[in-house]
Amino acid sequence: MAKFYEYQGKEWFKKYGIPTPEGIVARSPEEAKAAAAKIGKPVVIKAQVWAGGRGKGGFVQFADTPDEAAAKAATIFGKEHKGLEVKIVYVEEKLSIVKEFYAGIIVNSSKDVRGPVIMFSPEGGVEIESVSEDKMALLKVDVIKGLEPYDTLNMALSMGVKGKVLTQIGPIIFKLYKMFEGLDCRSLEINPLVLTADGRVLAADCRMATDDAALFRQGQLGVKVGREFRKEPSEFDLMGWSFEETDLRGTSYIAEMKTPEELKVGRYIGYHGIGGGAAMLGMDAMNKVGLEVADYADASGNPTASKVYRVLKLIMAQPNIEGYFLAGFMMANQEQWHYAHGVVKALREELPKKPEGFPVVLLLCGNKEEPAQKILKEGLAGYKRVEIYDRTYVYDASFIGGRMKALVEEYRKQLGV
Ligand code: GDP
Ligand code: MN
């Protein structure tokens, strides 16, 4: 699921007619100050990260003056909330809140539901899991019949909402569903939906995630990587994704584990698994001998040689890696000769760019293993410190890990590090 920042979701709220406070994005305390000055009222300053619980964590701050806004913003910039660094804050007019509601929509894919479910509670502002069942109205939407404005009015009414608040909340939930549908969301949530002292109902927060499978028709969302990422994708991640985006044959999943900055110290292995489980086995084997991986890569599902080649080129481009490990800890039913061709071509191009004797351990077995092994052995003959293993070792992760370690140690001695 592609995730969005609160401020991005709120821009969509405006387009769908859901009231939300006027806000300005700021990337430094000075920008936060200017934003507060422009708003010209007391403000709330909210860290923009892909995680909730900011209120409790001190990542929602209040300020009465622009100077105070700069000072408060300075206390959250650069800090981490749930492992995510704050690089952006959203400065909004501070609301005078008298009540907090909850409104949310998810796709429930369980057998009994298989469709969107709208949730509404008069007890918002807290973790929604902690709200008791009788305080939560649920509505399964019949996607054939569609939703009617009176459905959402009845929902709010069933929770005791009345008068001018009801006539605002009903349409807000209805519009929320229109947005959910229009943007192919998997989840969309307003927590809290607030009632202010002057009687207005507004969305004070937004959490939004969309369906990756629908991104082909959601260019308007500007999602860079149609996959669940914990953080904003790095340059490495984006390059990895480009292989997937431009070639649907087989799969390649590539993620940055260490930033180029962290890689400066060396000591990391360029890592390449085949299949999720096997890839984890290989990482364990590395960790057990005290080696760490620079990246996570898994190319499987019968990828073409060209896809494997691109994955390898990216892995090998990481600065200061001290080895390359192909962890094929599985008797894959994909045709491994395609794999072997991709590996050989990339290594023949990349190895000459590294000091002679750059450690390489390749484990590859499964369907078309014999020709695959032949391709590897012939293609990489004459390269120092390249070890190639077949099915004999598919169960022996500790042996393979040990070989990687031994080669890395020899290599480090050779380099004098
Ligand atoms: P979350 O904790 O990450 O979900 O962030 P929220 O945007 O939901 O903010 C947390 C809490 O801060 C809300 O439940 C509100 O109680 C409070 N809050 C957010 N915006 C305002 C505001 O404009 N005025 C006031 N008084 N409180 C706010
Ligand atoms: Mn919230």
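Of LEU157, LEU153, which residue is surrounded by fewer than 17 Cβ atoms within 10 Å (Cβ to Cβ), part of a helix (DSSP H, G or I) and more than 16 Å from ligand 2 (Cβ to nearest atom)? It would help to see each step written out before you state the result.
Values: LEU153 fails: surrounded by fewer than 17 Cβ atoms within 10 Å (Cβ to Cβ).
Testing whether each residue is surrounded by fewer than 17 Cβ atoms within 10 Å (Cβ to Cβ), part of a helix (DSSP H, G or I) and more than 16 Å from ligand 2 (Cβ to nearest atom) leaves just LEU157.
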(message) From the list GLU30, GLU11, GLU22, exactly one residue is within 21 Å of SER96 (Cβ to Cβ) and more than 10 Å from ligand 1 (Cβ to nearest atom). Which is it?
(response) GLU22
(request) State whether one or more residues within segment 50-66 are more than 23 Å from PRO192 (Cβ to Cβ), more than 15 Å from ligand 2 (Cβ to nearest atom) and of a type outside the set (Val, Ile, Thr). (result) yes
(message) Against the definition (more than 30 Å from ALA294 (Cα to Cα), away from ligand 2 (no atom under 16 Å from the Cβ) and modelled with pLDDT under 95), how does PHE229 come out, yes or no?
(response) no
(request) Output the residues belonging to segment 104-139 that are in a strand (DSSP E or B) and under 28 Å from the mean Cα position of the chain (by Cα). (result) GLY104, ILE105, ILE106, VAL107, ASN108, GLY115, PRO116, VAL117, ILE118, MET119, PHE120
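Can you spot a residue in segment 119-133 that is surrounded by fewer than 16 Cβ atoms within 10 Å (Cβ to Cβ) and modelled with pLDDT of 95 or more? Break it down into steps so the answer makes sense when it comes.
Restricting attention to segment 119-133, the residues satisfying the condition of being surrounded by fewer than 16 Cβ atoms within 10 Å (Cβ to Cβ) are 126-127, 129-130, 132-133.
In the following step, the residues that additionally are modelled with pLDDT of 95 or more were identified as none.
Among the residues of segment 119-133, not one is surrounded by fewer than 16 Cβ atoms within 10 Å (Cβ to Cβ) and modelled with pLDDT of 95 or more, which makes the answer no.
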(message) Which condition from (1) touching a Ser or Thr at 6+ places or on another chain (Cβ under 6 Å); (2) in a strand (DSSP E or B); (3) within 14 Å of ligand 1 (Cβ to nearest atom) is the one that GLU100 breaks?
(response) (1)
(request) Would you point out which residue out of GLY273, GLY277 is closer than 22 Å to GLY402 by Cβ, loosely packed, with under 15 Cβ neighbours inside 10 Å and under 23 Å from the mean Cα position of the chain (by Cα)? (result) GLY277
(message) Filter segment 304-328 down to the residues that are of a type outside the set (S, T, N, Q), at pLDDT 95 or above and outside any helix (DSSP H, G or I) and list them by number.
(response) ALA317, ILE321, GLU322, GLY323, TYR324, PHE325, LEU326, ALA327, GLY328
(request) All but one of (1) touching a helix residue (DSSP H, G or I) at 6+ places or on another chain (Cβ under 7 Å); (2) within 16 Å of ligand 2 (Cβ to nearest atom) hold for LEU183, so report the exception by its number. (result) (2)
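Can you say whether ALA213 is touching a Gly at 6+ places or on another chain (Cβ under 9 Å) and within 16 Å of ligand 2 (Cβ to nearest atom), as far as the supplied structure shows? It would help to see each step written out before you state the result.
Numbers: touching a Gly at 6+ places or on another chain (Cβ under 9 Å): yes; within 16 Å of ligand 2 (Cβ to nearest atom): no.
For ALA213, the condition - touching a Gly at 6+ places or on another chain (Cβ under 9 Å) and within 16 Å of ligand 2 (Cβ to nearest atom) - is not met.
Looking for something charged (D, E, K, R), crowded, with 16+ Cβ neighbours inside 10 Å, within 13 Å of ligand 1 (Cβ to nearest atom) and closer than 18 Å to ARG207 by Cβ - is there at least one such residue anywhere in segment 73-90? Explain how you work it out, then say what you get.
Filtering segment 73-90 down to residues charged (D, E, K, R) leaves 79-80, 82, 85, 87.
This time we only want the ones that are crowded, with 16+ Cβ neighbours inside 10 Å, so: none.
Among the residues of segment 73-90, not one is charged (D, E, K, R), crowded, with 16+ Cβ neighbours inside 10 Å, within 13 Å of ligand 1 (Cβ to nearest atom) and closer than 18 Å to ARG207 by Cβ, which makes the answer no.
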(request) Assess whether LEU147 counts as being part of a loop (DSSP other than H, G, I, E, B), within 12 Å of ligand 1 (Cβ to nearest atom), of a type in the set (A, V, I, L, M) and surrounded by 15 or more Cβ atoms within 10 Å (Cβ to Cβ). (result) no
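Taking the conditions exactly as written (in a loop (DSSP other than H, G, I, E, B) and more than 20 Å from ALA278 (Cβ to Cβ)), does TYR411 satisfy them or not? First the steps, then the outcome.
Values: in a loop (DSSP other than H, G, I, E, B): no; more than 20 Å from ALA278 (Cβ to Cβ): yes.
No: the conditions fail for TYR411.
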(request) Please work out which residue is nearest to ligand 1 (Cβ to nearest atom), limiting yourself to segment 170-203 and to residues that are in a loop (DSSP other than H, G, I, E, B) and under 24 Å from the mean Cα position of the chain (by Cα). (result) LEU183
(request) May I ask you to list the residues in segment 186-210 that are more than 14 Å from ligand 2 (Cβ to nearest atom) and of a type in the set (Ser, Thr, Tyr)? (result) THR196, THR210
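Test of understanding: among ALA137, ALA203, which residue is under 23 Å from GLY23 (Cα atoms) and small (Gly, Ala, Ser)? Don't jump to the end; show me each part of the working.
Details: ALA137 fails: under 23 Å from GLY23 (Cα atoms).
Going through ALA137, ALA203 in turn, just one is under 23 Å from GLY23 (Cα atoms) and small (Gly, Ala, Ser): ALA203.
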(request) Could you grab me the full set of residues in segment 1-22 that are of a type in the set (Gly, Ala, Ser) and crowded, with 20+ Cβ neighbours inside 10 Å? (result) ALA2, GLY9
(request) Inspect segment 1-22 for any residue being farther than 21 Å from SER234 by Cβ, part of a loop (DSSP other than H, G, I, E, B), among the small types (Gly, Ala, Ser) and in contact (Cβ under 8 Å) with a residue 60 or more places away in the chain and give the result as yes or no. (result) yes
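Listed here are the residues, each with its yes/no results for (1) more than 11 Å from ligand 1 (Cβ to nearest atom); (2) small (Gly, Ala, Ser).
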residue: GLY17; (1), (2): yes, yes
residue: ALA34; (1), (2): yes, yes
residue: ILE39; (1), (2): yes, no
residue: GLN48; (1), (2): no, no
residue: ARG54; (1), (2): no, no
residue: PHE59; (1), (2): no, no
residue: PHE62; (1), (2): no, no
residue: GLU68; (1), (2): yes, no
residue: ALA71; (1), (2): yes, yes
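The values are calculated or read from the model by the stated rules, or taken from the named source; none is laboratory data. Since the model is a prediction, treat every value here as computed from it, not as a measurement. Reconstructed Cβ throughout: ideal geometry from the backbone, glycine too, with neighbour counts over all protein chains shown.
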